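Please read the structure below before turning to the comments.
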Amino acid sequence: MAATDTRTPTVVVDGIDVEYRVFASGKAAGNQMSLASLKPKGVSTYRALHDISFVAHEGESIGVIGHNGSGKSTLMRSVAGLISPVKGAVYASSRPALLGVNAALLPNLSGARNVMLGGLALGYSKAEVEEMYEDIVEFSGIRDFIDMPMKTYSSGMSARLRFAIAISRAHQILLIDEALAVGDKDFRQKSQERIRQLRDTAGTVFLVSHSMKSIRDVCDRVLWIDHGRLMMDGDPDEVIAAYEGKA
Amino acid sequence: MTVREEHLTTEGLSAYAEQAGLERVGARPKLRRYIVEAWRRRELAATLASYRIHAAMGQNRLGLVWIVLRPTLLALMFGTIFFVILPNSSRPDNFLPFLVVGVFVFEFFSASLGQGARSIINNQGLVRSLNFPRILMPMATVLQRVFEIIPVAITMMVIVALSGEPITWNWLLVPVVLAIMAVFNFGIALIFARLTVHLRDLTQVLPLLTRLMFYSTGIFYSIEAVLADRPDLLALARLNPVYDYIALVRAQIVTGNSQTMEMWIVAVAAALLCFIIGVIFFWRAEERYGRD
Ligand SMILES: Nc1ncnc2c1ncn2[C@@H]1O[C@H](COP(=O)(O)OP(=O)(O)OP(=O)(O)O)[C@@H](O)[C@H]1O
Ligand SMILES: [Mg+2]
């Protein structure tokens, strides 16, 4: 019963379908110019998520697992409000922050400038970002490279910087899409520490990962997505066992 | 039964969410709230614009000089070509300053159009990873052009002065015309930024459209002279706001070019209309950006 559940919901995903528009490049053979090719035949839609529903609560950290292309990143983008579902809706208690693998803001700009732009995009003023700048750089641990263009960073370095930017704002809902996978031991410890902190202060964390170990380490609930559908939702050990049994 | 299973019916979940005071994520805000939010975050657009200029220029040896060198070379090229092919009689008076103003002011328009149209599809990374009013992307591209027009306009005036035009109080009106034009450019950028998201092929057609505009706005010839015996076509050409912006700048700094009240009215009305239509048109697809 809803009334008997005393936990406070932070994210409610209500039967969402998500579609991508795909611009297919022409078929390999017989792609001559013809009148027919003037029609937008290359545009089709691809349904990446089918009827996903779940409720997340304060203090939960939820793992999201599934095969490559199952729709995990798509789910995270929808929860973050970056893609809107064609059917259903996502509700949240505060604006979720997504930390993805390809969140390099502007690869041609230096790390320092990415910190500034990231902070501004998170809704801070310039003065506020300048104030937080030291902490962000300190947490990222890449001070020596902060004036280099971000495209020259290793994947771990850019993951560190993006994580530091994302957690600079006290988000109550944090979505981490494989962003920690490339980090070294020191960074993993630091970031898991932050995730635990967030959980203890009634936040909610989603962690997408292919490492069942880090899911077990951090999460107390797991969603298994398969071909865009929610296969299972529950206790980490059970869900992981079912997922690995199938794979 | 757990809560999760309990609420699997659609009505149940959304009612539950509302009851718990949760808000819909990613929903397009009301226009008024959208504009307020975008204005509050305007620093993002301005900072992005200035960083972009630095980054783009840092990659070239001559750096910022290119901003003014490009239109200068362009004017030089057209000047040489048209000086050779156009008979002396059909060339407008004060051909050099006439042409320089045309090319420089037109560049402001075409760059805003071209870059503005790509502002969403070229920033997919940013749009897909962070939540902010998307209008800030076309705003950043047009702001970048506005920052660049300052040295460009100064260069333009220096060239015009060097070519022997007298400096008058009217020169102070040039920034006014360019400011009105910036509003117009912003509206156009907004409209095309959304259109290219729906219709990717548009990016292929845009250069053609720009060319067409270039030849029909009288950059290197006088529309009045060429269309003297076709008053209907002339009236039509004058309704093109880009023509009016160029004509108004010429009227201030190149002798032999006059301005009319009608030009000012078209210039201001087109800017306001384009801006309003652009903002509304762009905002209505806010949820759409980033889905492909
Ligand atoms: N921008 C896009 N345009 C079209 N289709 C897309 C786009 N992004 C993802 N897809 C499709 O949606 C499906 C789900 O992709 P998604 O990135 O969510 O998978 P994932 O579970 O995160 O996979 P991985 O484990 O490899 O990260 C895939 O089949 C993919 O082809
Ligand atoms: Mg993914």
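How large is the dipole of the stretch A:104-170 about the Cα centre if only Lys and Arg carry +1 and Asp and Glu carry -1, each at its Cβ, rounded to the nearest 20 debye?
Values: 7 positive and 8 negative charges, 71 e Å.
Around 340 debye, computed over the stretch A:104-170.
At a Förster radius of 41 Å, what calculated FRET efficiency corresponds to the Cβ-Cβ distance of B:GLU18 and B:LEU208, to the nearest 0.05?
Numbers: r = 50 Å, r/R0 = 1.22.
Approximately 0.25, to the nearest 0.05.
Could you work out how far apart the two model spin labels at A:ASP17 and B:ALA269 are, taking each label as a point 7 Å from the Cα in the direction of the beta carbon, and quote it in nm?
4.7
What does the structure give for B:119-131 when I average, per residue, the other chain Cβ atoms found within 10 Å of the residue Cβ? Mind dumping the intermediate values first?
Values: counts 0, 0, 0, 0, 2, 1, 7, 7, 1, 9, 17, 15, 10.
That average works out to 5.
Starting from the Kirkwood Rh over alpha-carbon pairs, what translational D in µm² s⁻¹ does chain A have by Stokes-Einstein at 20 °C and 1.002 mPa s? Please list the in-between numbers first.
Values: Rh = 19.6 Å.
Using the Kirkwood radius from Cα pairs, D works out to 109 µm²/s.
Let me know the mean shielding of B:194-207 by other chains, meaning the per-residue number of their Cβ atoms within 10 Å of its Cβ. It would help to have the intermediate numbers written out before the result.
Numbers: counts 0, 0, 0, 1, 3, 2, 5, 5, 0, 0, 0, 0, 0, 0.
Mean partner shielding for this stretch: 1.
Find which of A:ALA170, B:VAL103, B:PHE147 sits farthest along the positive direction of the dipole of the protein assembly as shown, computed with +1 on the beta-carbon of Lys and Arg, -1 on that of Asp and Glu, about the Cα centre.
The residue sitting most towards the positive pole is B:VAL103.
Tabulate in residue order the Karplus-calculated ³J(HN,Hα) for the stretch B:184-190, using 6.51 cos²θ - 1.76 cosθ + 1.60 with θ = phi - 60°, rounded to whole Hz; enter x for Gly and Pro.
4, 4, 5, x, 4, 4, 5
Between B:LEU73, B:GLY58, B:ALA45, whose Cα lies farthest towards the positive end of the dipole of the stretch B:33-94 when Lys and Arg beta carbons carry +1 and Asp and Glu beta carbons carry -1, centred on the Cα centre?
Result: B:ALA45.
Roughly how much accessible area, to the nearest 100 Å², goes out of reach of solvent when B and A pair up, both sides summed, probe 1.4 Å?
On the way: alone 16440 and 13290 Å², together 25380 Å².
Looking at B and A, the buried total is near 4400 Å².
Which value at 222 nm does chain B reach when only helices count, each DSSP H run of 4 or more adding -39,500 (n - 2.57), with the total divided by all residues and rounded to the nearest 500 deg cm²/dmol? All intermediate terms of the calculation are to be shown ahead of the outcome.
Working: 14 runs with 207 residues, N = 292.
Mean residue ellipticity, 222 nm, calculated: -23000 deg cm²/dmol.
With +1 on each Lys and Arg Cβ and -1 on each Asp and Glu Cβ, how big is the dipole of the protein assembly as shown about its Cα centre, in debye rounded to the nearest 20?
On the way: 54 positive and 49 negative charges, 231 e Å.
Dipole about the Cα centre, nearest 20: 1100 debye.
Using alpha carbons only, how many angstrom separate the centre of the stretch B:225-251 from the centre of the stretch A:138-207?
58
How high is the FRET efficiency from A:HIS50 to A:ARG188, r the C-beta distance, R0 35 Å, rounded to 0.05? Working shown, then result.
Values: r = 33 Å, r/R0 = 0.95.
Result of the calculation: an efficiency of 0.60.
Would you work out the relative contact order for the stretch A:104-170, in percent, from Cα pairs under 8 angstrom that are 6 or more residues apart?
Working: 71 pairs, mean separation 29.3, N = 67.
RCO, the stretch A:104-170: 44 percent.
Extending each Cα 7 Å along its Cβ direction at B:GLU37 and B:VAL158, get the distance between those two points in nm, one decimal.
It is 4.4 nm.
Restricting attention to the alpha-carbon atoms of the stretch A:104-170, what are Rg (one decimal) and Dmax (integer), both in Å?
10.5, 29
How many percent of the accessible area of the protein assembly as shown is carbon or sulfur, using a 1.4 Å probe? Display every interim value, and only then the final one.
Details: 15140 of 25380 Å².
Solvent-exposed carbon and sulfur of the protein assembly as shown make up 60 percent of the total.
Modelled label-to-label distance, A:ALA127 and B:HIS54, 7 Å Cα→beta-carbon offset: nm?
It works out to 2.1 nm between the two label points.
Please list, by residue number, everything in the stretch A:162-199 whose backbone N is under 19 Å from a paramagnetic label point 7 Å out along Cα→Cβ of A:ASP144.
A:162, A:183-188
What FRET efficiency comes out for A:ASN68 versus B:VAL226 if R0 is 45 angstrom and r is the Cβ-Cβ distance? Round to the nearest 0.05. Intermediate results must be reported in sequence, preceding the final value.
Values: r = 62 Å, r/R0 = 1.38.
So the FRET efficiency works out to roughly 0.15.
How would you rank B:73-82, A:153-162, highest first, on the average number of other Cβ atoms within 10 Å across their residues? Working shown, then result.
Numbers: B:73-82: 14.7, A:153-162: 20.7.
Output ranking for B:73-82, A:153-162: A:153-162, B:73-82.
On alpha-carbon atoms, Rg over Rh for the stretch A:124-247 using Kirkwood Rh? Don't skip to the answer; put the middle values down first.
On the way: Rg = 16.5 Å, Rh = 16.1 Å.
With Rg and the Kirkwood Rh in hand, the quotient comes to 1.03.
Let me know the Kirkwood hydrodynamic radius for the stretch B:28-288, please, with Cα pairs as the basis and the value in Å to one decimal.
Values: mean 1/r = 0.0517 Å⁻¹.
After inverting the mean inverse Cα-Cα distance, the result is 19.4 Å.
Can you tell me the relative contact order of the stretch B:28-288? Whole percent, Cα pairs under 8 Å, sequence separation 6 or more. The partial results should precede the final answer.
Values: 277 pairs, mean separation 75.8, N = 261.
Computed value for the stretch B:28-288: 29 percent relative contact order.
Other chains near A:88-94: what is the mean number of their Cβ atoms within 10 Å of each residue's Cβ?
Values: counts 3, 8, 7, 12, 6, 5, 3.
Whole-number average of other-chain Cβ neighbours for A:88-94 is 6.
Please report, in debye to the nearest 20, how large the charge dipole of the stretch A:140-247 is about its Cα centre when each Lys and Arg carries +1 at its beta carbon and each Asp and Glu carries -1 there.
Working: 16 positive and 16 negative charges, 77 e Å.
Charge dipole of the stretch A:140-247: 380 debye, to the nearest 20.
The values are calculated or read from the model by the stated rules, or taken from the named source; none is laboratory data. If you're wondering where the values come from, they're calculated on a predicted model, not measured in any experiment. Cβ sites come from the backbone with ideal geometry, for glycine too, and all protein chains shown count toward neighbours. Please note that ligands, DNA and RNA were not included when accessible areas were found on the heavy atoms of the full protein model with its side chains. Shrake-Rupley method; radii C 1.70, N 1.55, O 1.52, S 1.80 Å.
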